[in-house]
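Derivation of every value follows stated rules applied to the coordinates shown; laboratory data play no part. Just so you know, these numbers come straight off a predicted model, no measurement behind them. Cβ placement follows ideal geometry from the backbone for every residue including glycine, while neighbour counts extend to all protein chains displayed.
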Amino acid sequence: MLRCRTADFVEPDMDWEAEHYRQAGVDFKAYALSTADVKTLAAYVGDAHVLIVDQTPVGAELIARLTDARLIIRHGDGYDSVDVDAATAAGIAVANKPGFWSMEAAEHAMVLTMVVAAHLPLQQQVAARIGRAPEEPWRRSLLYPIPRLRGRTVGIFGFGKIGRHYARFMHTLGCPVIVYDHRKQPEAIRAEGYYPVDFDTFLRESDILSIHTPATEQTRGRFNRETIGKMKQDAVLINTARGSIVDTDALTEALQTGRLRGAGLDVTDPEPLPQDHPLLRMPQVVVTPHLAWYSEEAMWAMRESIVEDVINLAQGIMPTSVVNPEVLPETPGHSSRSLVPDHQ
């Protein structure tokens, strides 16, 4: 019998999944173990043929304790929390679930852009202050200058599905769009109707800089004191990708000194931020709890897809989104574990 274990989950409950797995003859157990130590994790999920994770880190030590694993499914686009090299060495496939909430993430980035650019949190504070002190000078004196959004240059760091959706949104609002993506050829960006630029030009010309790239060796810490220091004075930074791409201390300093105009952050490093962190107290900063991906429709599509992947594995069918395809049996010269457990 195929054994499926969920180490943690963001769904309200796993009843729907449990019923479908029961009907399919899958041995399924769901746990909330995202903060557990490796030994505890292994005690609960070490026997899994399929391990499903959301925020739980899956490092080499845990992978070594997955004695029968065939597949690790990361609940989402990113899979930087899984040691793919260790999984590959162990013959375990790793799959992500890309594209289910690309539109949601782009919409969230657009909303953050508009809220921060218009200083809406500060406007709310002003409204409350005027209510307490009617004699306060006219409210505009309490606000930063608010430039028109139309015509401001939007720079997009990473031009995958989310970045392309966001580009279309901002272009529709009348913003020129420039793009930096080290993975894409300039011709591919031009074919979409946007302008590819080198990184220094990207930093120098972006009034609004929005990050839409995975966390990789090339992108982690890319926005640090040096690179933020090259950004346009009074620029806005939006990050709905991964917190590790931005140096939190450098960003905080740039906002405190007025080097940057504001920031909209759905992701941070660390995540969540400590309750007393300066970013949570700045009126020019909006922080949301890593929910840019969420809509009811996207969540249900994801749940259905994961259940389908697990049930398919019982027939030896791997997901199409395996990120280390070299472990698959059809790969020439590679010997991997059988996809179907011995006692199926």
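For a straight C-alpha distance cut-off of 26 angstrom, the lysines reachable from LYS97 (same-chain residues fewer than eight places away being disregarded) are LYS29, LYS161, LYS184.
List the equivalent ellipsoid semi-axes of the chain in whole Å, largest first, each obtained as the square root of 5λ for an eigenvalue λ of the Cα gyration tensor.
Working: eigenvalues 351, 104, 63 Å².
Equivalent ellipsoid of the chain: 42, 23, 18 Å, largest first.
When each of the peptides 215-224, 185-194 is scored by how many other beta carbons lie within 10 Å of its residues on average, the order from highest to lowest is 215-224, 185-194. In the calculated pair-distance distribution of segment 102-287, the portion above 24 angstrom amounts to 36 percent of the Cα-Cα pairs. Protection proxy ranking for 68-76, 273-281, using the average of other Cβ atoms within 10 Å per residue and placing the highest first: 68-76, 273-281.
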